[in-house]
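Everything below concerns the one structure shown next.
The values are calculated or read from the model by the stated rules, or taken from the named source; none is laboratory data. This is a predicted model, so every value here is computed, not measured. Positions of Cβ are generated from backbone atoms using ideal geometry, with glycine treated the same way; all protein chains shown enter the neighbour counts.
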Amino acid sequence: MRVRWGKERSVNPRSRKSARWSDIRLWFGISLLIVSMFVGARVMASGEETVTLWRASSELALGSPLAGVEAVVVALNGAQEPYFRGTVPPSGIVVRPIGAGEFIPSSALSALPPPDSRVVTVPVDPLHVAIGLNAGDQVDVWSSSKDVGSMLPPMLVLTGITVRAVASEVVGTGGEIGVVLLVPVTQVPHLVQAIRVGVIDLVKVPLESQGSR
């Protein structure tokens, strides 16, 4: 009895290669689709995180009151510098120059002085004033006895007073510089008396401490 064996069918190497290439393209396409969906979701999520910021419509000089600001709605991430946010426009004294079109940083403003204020120039030794004191900064005014041997402690005269200008180029007979302060009208007599009878020190109030006063 004769048994006929069928011929073995051979697989074309090109067909195997083509099938393998099709699998690679399929997985690549699926991976690309997943990545695209992930990126799109991130973009849409970041686009929803909008906030109202305020920017200067013109240049603002050091020591000037904040004016001419406009609201802008932007997408903002947490890594950027803290700016004034919200629908209420910020107010205060500019403590560093702000360019036109620049968003208003919270560190660029100090509190507005009282509405009923007077401008008083205080002569002070350059070593009795904070280095780098500028217009818009706030200071505490202290007075010490002119008697070197006095045991009396320094006296706090005024707190949280806004600096209007620092005239470092104007020097008095004793080498003092002129620091112009915005003083509540009711406190002017106390400051003038302290200037006459004592040695004045101007202690700068850090920006982060101004809100707690």
Legend entry - Single residue of Asp140, Asp201 found to be over 24 Å from Ser64 (Cα atoms), modelled with pLDDT of 90 or more and among the charged types (D, E, K, R): Asp201
Inset, instruction - Note down all Cβ pairs under 8 Å where the first residue falls in segment 53-68 and is of a type in the set (Asp, Glu), the second is at pLDDT below 85, and they're at least six residues apart or on different chains. - result: Glu59/Pro97
Legend entry - Filter pass, Leu152 being surrounded by fewer than 20 Cβ atoms within 10 Å (Cβ to Cβ) and in contact with a strand residue (DSSP E or B) (Cβ under 9 Å, 6 or more places away or on another chain): yes
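Hey, can you tell me all the residues within segment 48-68 that are in a loop (DSSP other than H, G, I, E, B), in contact with a strand residue (DSSP E or B) (Cβ under 9 Å, 6 or more places away or on another chain) and at negative phi?
We begin by selecting, within segment 48-68, every residue in a loop (DSSP other than H, G, I, E, B); these are 49, 57-59, 61-64, 66-68.
Going one step further and asking which of them are in contact with a strand residue (DSSP E or B) (Cβ under 9 Å, 6 or more places away or on another chain), we end up with 49, 57, 59, 61-64, 66-68.
Listed by number, the residues that qualify are Glu49, Ser57, Glu59, Ala61, Leu62, Ser64, Leu66, Ala67.
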Inset, instruction - Collect the residues in segment 158-210 that are touching a residue at least 40 places away in the same chain (Cβ under 8 Å), surrounded by fewer than 18 Cβ atoms within 10 Å (Cβ to Cβ) and among the basic types (Lys, Arg), keeping them in residue-number order. - result: Lys204
Inset, instruction - Identify the single condition in (1) over 20 Å from Asp201 (Cβ atoms); (2) free of Cβ contacts under 8 Å to residues at least 60 places away in the same chain; (3) of a type in the set (A, V, I, L, M) that Ala111 does not satisfy, given that it satisfies every other one. - result: (2)
Inset, instruction - Go through (1) among the aliphatic types (A, V, I, L, M); (2) crowded, with 19+ Cβ neighbours inside 10 Å; (3) more than 27 Å from the chain's Cα centre (by Cα) one by one and return the number of the condition Ala135 breaks. - result: (3)
Inset, instruction - Out of Leu127, Leu152, report the one residue that is out of contact with any Ser or Thr (no Cβ under 7 Å at 6 or more places or on another chain) and of a type in the set (A, V, I, L, M). - result: Leu127
Legend entry - Those residues of segment 74-119 which are in contact with a helix residue (DSSP H, G or I) (Cβ under 8 Å, 6 or more places away or on another chain), surrounded by 14 or more Cβ atoms within 10 Å (Cβ to Cβ), at pLDDT below 85 and of a type in the set (A, V, I, L, M), in sequence order: Val94, Val95, Ala111
